[in-house]
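Taking it in order: structure first as structure tokens, then the write-up.
Coordinate-derived values only; no laboratory data. It should be emphasised that the depicted structure is a prediction, and the values quoted were computed from it without experimental measurement. Positions of Cβ are backbone-derived with ideal geometry, glycine not excepted, and every protein chain shown enters the neighbour counts.
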Amino acid sequence: MKTTKLKLLGCGLASLLLIGCGTTRTTTDSKGPTGTQDSVVTAGVDPRDLARIASEMLESLRTKGTLDPRDKKPVLLGISRFRNDTGLHDRELNMEALVGQIRADLTRDGKVEIEPFYRVGGKPEDQVAYDLWRRKNFLENRPERDPDFTLSGTVLQHRARQGNKTEITYTFQLRLISMATSSQVWEDSREVTKLSKRPIF
């Protein structure tokens, strides 16, 4: 009987040790859409974060009215560089998805046109189409229209640790430059904060 109890006790302790040695991660977004904590599945930036950030920042840009049409012509916007200055890899922070969300949102009402074959990291999105477009402009002696504005962005990361908790804040910054004045005419930023926890034993 004693032997059986000892075996059961040993199994229980082994189970606890196995659970304690494993790493579990609970992450929360402490600045969710409603200002309350929303459970998330990653300590990185997920598609929901990107969609919310793009929507909020572009609403701020629309409110300013800088991209309203001039002389009944849509504003031509050039998408400049979007820089990932975090510790996340491209697959963890999809800048293409963020730019795509911005493009779709801005062109939905027809007030803004995006410069053809915008460049990410200095390369055209469609190299073949871009080369043909440049060749056609050259043969027809047709000048290329310069964008009225350029939009660029940066994502920054800050970590703060206390005990078994790590708070990770991602700061998204967008900037709009006027080509007519070469000056910055709008800027906005949003933060996404994640909380990562590890067991204390």
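Neighbour counts of other Cβ atoms within 10 Å put Tyr170, Tyr130 in the fewest-to-most order Tyr130, Tyr170.
Extension gain, Thr107 to Asn137, is 8.4 nm, computed as 0.36 nm per intervening residue step minus the present C-alpha separation. Take the Cβ-Cβ distance between Thr193 and Arg145 as r, set R0 to 30 Å, and report the resulting FRET efficiency rounded to the nearest 0.05. The value I calculate is 0.15.
Computed extension gain for Lys165 through Lys72, at 0.36 nm per residue and net of the alpha carbon distance, reaches 28.1 nm. Counted over all Cα-Cα pairs of region 137-201, pairs farther apart than 13 Å make up 74 percent. Inter-part distance, region 47-72 to region 167-201, computed on C-alpha centroids, equals 15 Å.
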